[in-house]
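**Student:** After the structure tokens below, expect a handful of questions from me.
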Amino acid sequence: MNESQTQYLDVIDNALTEAKKQGASAAEVAIGVETGLSVTARLGDVETLEYNHDKGLGITVFMGQQKGSSSTSDFSPSAIREAVAAACSIAKYTAEDVYSGLADKALMAWDYPDLALNYIWELDSEHALELALECEQVARQYDKRITNSEGASVASHSGVHIYGNSHGFAGGYPTTRHSISCSVIGQDGDTMQRDYWYTAARNHEALDSAKSVGEKAAQRTLARLNGRRLPTQQAPVLFAPETASGLLGHFTRAISGGSLYRKTSFLLDSLNQQLFPDWFHIEEQPHLKGALGSAPFDSEGVITQARDLVKKGVLLGYILSSYSARRLGMQTTGNAGGTHNLIASGNEMKSQAELLKMMDKGLLVTELMGQGVNHITGDYSRGAAGFWVENGEIQFPVEEITIAGNLRDMFRNIQMIGNDADRRRNIQIGSILLDNMAIAGQ
Amino acid sequence: MSGGIFLVLIIESFSDYFMNSEIEIAKQLIFSPAGLGESDLSNVLNHLMTQRGVDNADLYFEVSRYESWSLEDSIVKDGTFGIEKGVGVRAMSGEKTGFAYSDEITLPALEQAAKTVRAISRQGQQGRLNAWVSNGAGHDLYLPIDPVSTLNEREKIRLLESVDSEARRLDTRIQQVMVSLVGTQEVMLVAASDGTLAADVRPLVRMSVSVVAEQDGRREQGSSGGGGRVAYGYFLDNDRALGFAREAVRQALLNLEAVEAPAGTMDVVLGPGWPGVLLHEAIGHGLEGDFNRKGSSAFAGRIGEKVASPLCTVVDDGTLAERRGSLRVDDEGVPTQCTTLIENGILKGYLQDKMNARLMGVAPTGNGRRESYAHLPLPRMTNTYMLPGPHTPEEIIASIDKGLYAVNFGGGQVDITSGKFVFSASEAYLIEGGKVTRPVKGATLIGNGPDVLTRVSMVGNDLELDEGVGTCGKEGQSVPVGVGQPTLRIDGLTIGGTSM
């Protein structure tokens, strides 16, 4: 730990001591600090230059089984004292909840690995601007149908996350996140289309080049020009990786403790059930070095561990915090605050081109719109854009249509998975081919 | 329209007393602890404006307090409280913006942020700082209260518990009730190089109710809620909170009976109130000044053109008393107004913040909004709604032989460049032979913004605004907004169901 982290550990220590003094039987404190720079270039010149510096402290106190929390951005002893007092005052009024409390002491990450999540990029605003200008210029000069731009941005953020509780556990680690993104507008006749691309990584040396981000943004925009609608029909659907990871996001929400104990999930009591085809697997890999979703411990200090979430299509575990675990009579899975690098795979994985051939005729979905997912029934209905495919090849861009089905059926009916997983995401999955879905259009 | 005559009367009787108290409250709360004064603001802005090429600059101070309480399993399990404060410093040079912020409101922090953002410009003319114009022109739309202290803790808990017992009392099929109560007070003060010195004290409360109903192994959810720039007593008036419980239960039980929604293009009747999310997505975002200045909106350059049927007049109105989307002044200190976006089908105007108005050579419309001191202002909507027309809701429904009647929605989304938008119905019915028949499951509706209002063939006489639950997201920033409309008939809208 470096000097600033030690200083924040002292703040946490003060807060925990103060909580005890004010009558809390247990308490936990989290500190997040982040600084960053973001530069946007548009039409060949700088548009915005933003510096951010955020810090915050959140404290939860337990008075027996009663709970209260508060937050402050001021770390002075008097502000901490007030924050603790606010949390304690709330805890006097909340009801006793037999399931409340810290996670078990034995599960704390007393010894945790360095996951190499911190790569400082010595990036000044001028260098950032040069990269953004290069990225946008490549995109704008890619084709004369690229007529306008929403700009290219280069951002670099570094932060530290520290957590401590009254078990005596305290831990923290620094992280960085760097990105380059670009969004351009294409025009053909009267219609305009916009699309974007980005690269993001903890290590700036792992970023795609500014040039390749600009090219990809331009290619994606151009590919959408002159989109058509489709007749209403049933057809196979191939979800591109950028949309497939959202589908798995609905799955993780459905098997999360909060949805399960509130009975707001369409996957209640689904443990050890066959939810996916028998060749389909999902692993959780929290300790991948340098990955965006990695974390040595969760937001309750519980050590994270690699596990098979789905093996041969069967659900082997839920996504639980200590609270939801106690509610369900189970053990926390180290997922307070979310999942850490979910990686889907199949016994056989093919390129997207091969999946298009397998599909032969159907819809390739590259963008989804809206919130039309009912998590209690699994009913799914969303706006979509993409491409119509015949003879295994893209024929024309498609827009202003919806796709609909039920998530439980959709998961079971995955036909094949691609080897083109989107490594920028916490949920990494390649293209997935589904059999018929309802497509609504003209 | 909900909103309570009682509360309106309070505003009238107290408005003189509170006249201009916002700026005093803000100075007291923001400047006194730091020992800052108006001369310090002048000095910092002056320093910014002496940089060549900086033509405008502003300082935005904010102190916000918030609390939330949540109930599930019939007990209030959790509550949280927090204070957020800080200052954002912005320097502009033509289309360029430099921005930095600090969560410490002190002179050194302010000077450091100002020094950082000066780098945005290195050439051009030197700007100048205008004398303060103390802003007394804002509207008296809400009281400068802190809602957090308008009920005591026991009363808040009793309120949540009463919603829970009402929902469970109504029907034994209700298995779970979740209720949350949120209150915030945002105190802001903005000082700008154009002489603006304005402040606002903004209360905001919201209650959300969600229930789960179960019957024969089928589970469905219903939700409701509301709020505004009022005290917590709003939820007790007329048993409003219990009304949210009844509405959530009604929806959940209705969903238990819902059949598959149709897939394809049909004539659609949208109910009054919250279905105005259609206007927010299809029209509102596309008319925000930044997208039109940059030419990235499907509506760019179309002022004066016909973009809707002559039955349609759409406004954005930030001056409605106590509404969630209303503001006394916007986050740049500009008094809010009622801006006509579409009048009898003709596109009339855009929503502007100061920067985009300046660059487009028009007046700002009081739509410059930011999530907090740590975010840049953008042109944003306030309360967006369509004015009423001549038809009764009954005759609109009776005019359709086969179609969809959608009365409640979740959220929506729009791609402002292609104009394509979606919004997702959470309560809808089939219309068969001019009559509302069976409830159908939720489905997403999709359309094309510049085109959809041209197919409005009937407009109801029953304008309603929503209950006060909307939050709009743009470029990662969330702000509270309102929507509304009368019952509308739209010919041919694509419905994303599964039944063919």
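**Student:** For the stretch B:213-223, state whether one or more residues are more than 12 Å from chain A (Cβ to nearest Cβ) and under 23 Å from the mean Cα position of the chain (by Cα).
**Tutor:** At the first step, the residues of the stretch B:213-223 found to be more than 12 Å from chain A (Cβ to nearest Cβ) are B:215-216.
Checking which are under 23 Å from the mean Cα position of the chain (by Cα) leaves us with none.
No, the stretch B:213-223 contains no residue that is more than 12 Å from chain A (Cβ to nearest Cβ) and under 23 Å from the mean Cα position of the chain (by Cα).
**Student:** Going through the stretch A:294-319 one residue at a time, which ones are outside any loop (DSSP other than H, G, I, E, B) and among the basic types (Lys, Arg)? Even if it seems obvious, please write down each step before you answer.
**Tutor:** Restricting attention to the stretch A:294-319, the residues satisfying the condition of being outside any loop (DSSP other than H, G, I, E, B) are A:297, A:302-303, A:307-311, A:314-315, A:319.
A:Arg307, A:Lys311 - these are the residues of the stretch A:294-319 that are outside any loop (DSSP other than H, G, I, E, B) and among the basic types (Lys, Arg).
**Student:** Within the stretch A:147-158, can one find any residue that is surrounded by fewer than 21 Cβ atoms within 10 Å (Cβ to Cβ) and part of a loop (DSSP other than H, G, I, E, B)?
**Tutor:** no
**Student:** Moving on. Go over the candidates A:Arg423, A:Arg408 one by one and state the one that is outside any strand (DSSP E or B) and out of contact with any Gly (no Cβ under 9 Å at 6 or more places or on another chain). If you could, list the steps in order and put the result at the bottom.
**Tutor:** Numbers: A:Arg408 fails: out of contact with any Gly (no Cβ under 9 Å at 6 or more places or on another chain).
A:Arg423 is the lone residue from the list that is outside any strand (DSSP E or B) and out of contact with any Gly (no Cβ under 9 Å at 6 or more places or on another chain).
**Student:** Taking interchain pairs and intrachain pairs at least six residues apart, which have beta carbon atoms under 8 angstrom, with the first residue in the stretch B:11-40 and on the phi > 0 side of the Ramachandran plot and the second part of a helix (DSSP H, G or I) and modelled with pLDDT of 90 or more?
**Tutor:** B:Gly35/B:Leu107
**Student:** Filter the stretch A:361-400 down to the residues that are in a strand (DSSP E or B) and within 7 Å of chain B (Cβ to nearest Cβ), then identify the one that is farthest from A:Ala217 (Cα to Cα). Write out each step before concluding.
**Tutor:** To start, the set of residues in the stretch A:361-400 that are in a strand (DSSP E or B) comprises A:362-369, A:373, A:379-390, A:393-400.
If we keep only those that are within 7 Å of chain B (Cβ to nearest Cβ) as well, we get A:369, A:379, A:381-383, A:399-400.
Values: A:Met369: 19, A:Asp379: 32, A:Ser381: 27, A:Arg382: 24, A:Gly383: 21, A:Glu399: 18, A:Glu400: 21 Å.
The residue in question is A:Asp379.
**Student:** Now, a different point. Select from the stretch A:195-237 the residues that are within 14 Å of chain B (Cβ to nearest Cβ) and in a strand (DSSP E or B) and list them in ascending order. Before you say what the answer is, go through the steps one by one.
**Tutor:** Looking only at the stretch A:195-237, we keep the residues that are within 14 Å of chain B (Cβ to nearest Cβ), and these are A:195-196, A:198, A:217, A:220-235, A:237.
Residues satisfying the conditions are A:Asp195, A:Tyr196, A:Tyr198, A:Arg228, A:Gln233, A:Gln234, A:Ala235, A:Val237.
**Student:** Moving to a separate point now. Could you tell me whether the stretch A:276-293 includes any residue that is assigned to a helix (DSSP H, G or I), of a type outside the set (Val, Ile, Thr), touching a residue at least 40 places away in the same chain (Cβ under 8 Å) and buried (at least 23 other Cβ atoms within 10 Å of the Cβ)? Please lay out each step first, then the result.
**Tutor:** Of all residues in the stretch A:276-293, those assigned to a helix (DSSP H, G or I) come to none.
Taking every residue of the stretch A:276-293 in turn, none turns out to be assigned to a helix (DSSP H, G or I), of a type outside the set (Val, Ile, Thr), touching a residue at least 40 places away in the same chain (Cβ under 8 Å) and buried (at least 23 other Cβ atoms within 10 Å of the Cβ).
**Student:** Let me ask something else. Can you name every residue in the stretch A:52-72 that is at the interface with chain B (Cβ under 7 Å from one of its Cβ atoms), among the hydroxyl-bearing types (Ser, Thr, Tyr) and crowded, with 20+ Cβ neighbours inside 10 Å?
**Tutor:** If the condition is that a residue be at the interface with chain B (Cβ under 7 Å from one of its Cβ atoms), among the hydroxyl-bearing types (Ser, Thr, Tyr) and crowded, with 20+ Cβ neighbours inside 10 Å, then A:Ser69, A:Ser70, A:Thr72 are the ones that fit.
**Student:** Of everything in the stretch B:196-217 that's part of a strand (DSSP E or B) and of a type in the set (Gly, Ala, Ser), which residue is surrounded by the fewest Cβ atoms within 10 Å (Cβ to Cβ)?
**Tutor:** Filtering the stretch B:196-217 down to residues part of a strand (DSSP E or B) leaves B:196-215.
Keeping just the survivors that are of a type in the set (Gly, Ala, Ser) gives B:198-199, B:208, B:210, B:213.
Values: B:Ala198: 26, B:Ala199: 27, B:Ser208: 18, B:Ser210: 22, B:Ala213: 25.
The extreme case among them is B:Ser208.
**Student:** Among the listed residues A:Asp104, A:Asp10, A:Asp74, A:Asp97, which satisfies the condition of being closer than 17 Å to A:Pro174 by Cα and either modelled with pLDDT of 95 or more or not assigned by TED's automatic domain parsing to the domain that holds A:Ile303 (or both)?
**Tutor:** Working: A:Asp104 fails: closer than 17 Å to A:Pro174 by Cα; A:Asp74 fails: closer than 17 Å to A:Pro174 by Cα; A:Asp97 fails: closer than 17 Å to A:Pro174 by Cα.
The match here is A:Asp10.
**Student:** So for the stretch B:461-473 (the condition being free of Cβ contacts under 8 Å to residues at least 40 places away in the same chain and either part of a strand (DSSP E or B) or buried (at least 24 other Cβ atoms within 10 Å of the Cβ) (or both)), does at least one residue qualify? I'd like the intermediate steps shown before the answer.
**Tutor:** Start the filter on the stretch B:461-473 by keeping residues that are free of Cβ contacts under 8 Å to residues at least 40 places away in the same chain, which leaves B:471, B:473.
Subsequent filtering for residues that are either part of a strand (DSSP E or B) or buried (at least 24 other Cβ atoms within 10 Å of the Cβ) (or both) retains B:471, B:473.
Scanning the stretch B:461-473 turns up at least one residue that is free of Cβ contacts under 8 Å to residues at least 40 places away in the same chain and either part of a strand (DSSP E or B) or buried (at least 24 other Cβ atoms within 10 Å of the Cβ) (or both).
**Student:** Cβ-Cβ below 6 Å, separation at least six or inter-chain, first residue in the stretch B:439-454 and surrounded by fewer than 24 Cβ atoms within 10 Å (Cβ to Cβ), second among the β-branched types (Val, Ile, Thr) and not in a strand (DSSP E or B): which pairs?
**Tutor:** B:Pro450/B:Val307
**Student:** I'd like the full set of residues that are under 22 Å from B:Pro480 (Cβ atoms) and among the basic types (Lys, Arg), limited to the stretch B:312-363.
**Tutor:** Correct list: B:Arg323, B:Arg324, B:Arg328, B:Lys354.
**Student:** Among the residues in the stretch A:102-125, are any over 16 Å from A:Val39 (Cβ atoms) and within 12 Å of another protein chain (Cβ to nearest Cβ)? Spell out the reasoning first.
**Tutor:** Step one: of the stretch A:102-125, the residues over 16 Å from A:Val39 (Cβ atoms) are A:102-120.
From what is left, the residues that are within 12 Å of another protein chain (Cβ to nearest Cβ) are none.
No - not one qualifying residue is present in the stretch A:102-125.
**Student:** Okay, moving on. Have a look at A:Lys311, A:Lys350, A:Lys361 and point out the one that is in contact with a Pro (Cβ under 9 Å, 6 or more places away or on another chain) and basic (Lys, Arg).
**Tutor:** Matching residue, one of A:Lys311, A:Lys350, A:Lys361: A:Lys361.
**Student:** Can I ask one more? Taking the stretch B:142-186, which residues are charged (D, E, K, R) and away from chain A (no Cβ under 11 Å)?
**Tutor:** Just the residues of the stretch B:142-186 that are charged (D, E, K, R), to begin with: B:146, B:153-156, B:158, B:161, B:164, B:166, B:168-169, B:171, B:173, B:186.
Passing the criteria: B:Asp146, B:Asp164, B:Glu166, B:Arg168, B:Arg169, B:Asp171, B:Arg173, B:Glu186.
The values are calculated or read from the model by the stated rules, or taken from the named source; none is laboratory data. Because the structure is a prediction, the values reported are computed rather than measured. Backbone-built Cβ (ideal geometry, glycine too); neighbour counts: all protein chains shown.
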